[in-house]
Amino acid sequence: MVSTQQAHTALVSEQDFVAVQTIRSHRSAHDGTTRRYLFTGLLRCGPCGRRLESHWINQRPGYRCRHGHTSTQQPTNHRRKILYLREDHIIARLTDHPRLPSGIQTPHDLVALLHKRKITIVCDQEQCTPTTERSAQANLRGS
Ligand SMILES: [Zn+2]
């Protein structure tokens, strides 16, 4: 009887332990040093027009586009290289960009401006170009 109670107690403790571990790992994913993507939803792939996916790589935030391909598809179907962009490179490309107002001090200010003005950044391997959805729609209507 006593040994059964001890086993039961041990089981509960283990569950509690696992629960605490889960909470800890969950919390650590939300503190300031972990995965945050500034440009989620703001980046578009130049070659194919899809939105870039957030993609954590080498302890840094980044973005990628696989142009609709998945890793399970045949290797014959890879005319376009997967686009990978580091977030800090995107920030560097947009700093003092002629299509953006001058005086943007921080990446946070930059992202706030993009949201406010509904600007999408069209990216390829060489450059990042701020584009408004309005002008993109106008182009569609015109063609
Ligand atoms: Zn693409």
**Complete:** Going through segment 42-70 in order, the residues found to be within 15 Å of the ligand (Cβ to nearest atom), assigned to a loop (DSSP other than H, G, I, E, B) and not aliphatic (A, V, I, L, M) are 46, 47, 48, 49, 50, 66, 67, 68, 69, 70
**Request:** Show the residue pairs that are 6+ apart or on different chains and have beta-carbon atoms under 6 Å apart, the first residue being within segment 60-81 and assigned by TED's automatic domain parsing to the domain that holds residue 124, the second being modelled with pLDDT under 80 and exposed (fewer than 11 other Cβ atoms within 10 Å of the Cβ).
**Result:** none
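The values are calculated or read from the model by the stated rules, or taken from the named source; none is laboratory data. What you are looking at is a predicted structure, and each value in this text was computed from that prediction instead of being measured. A quick note on method: Cβ atoms are made from the backbone with ideal geometry, for glycine too, and the neighbour counts reach across all protein chains shown.
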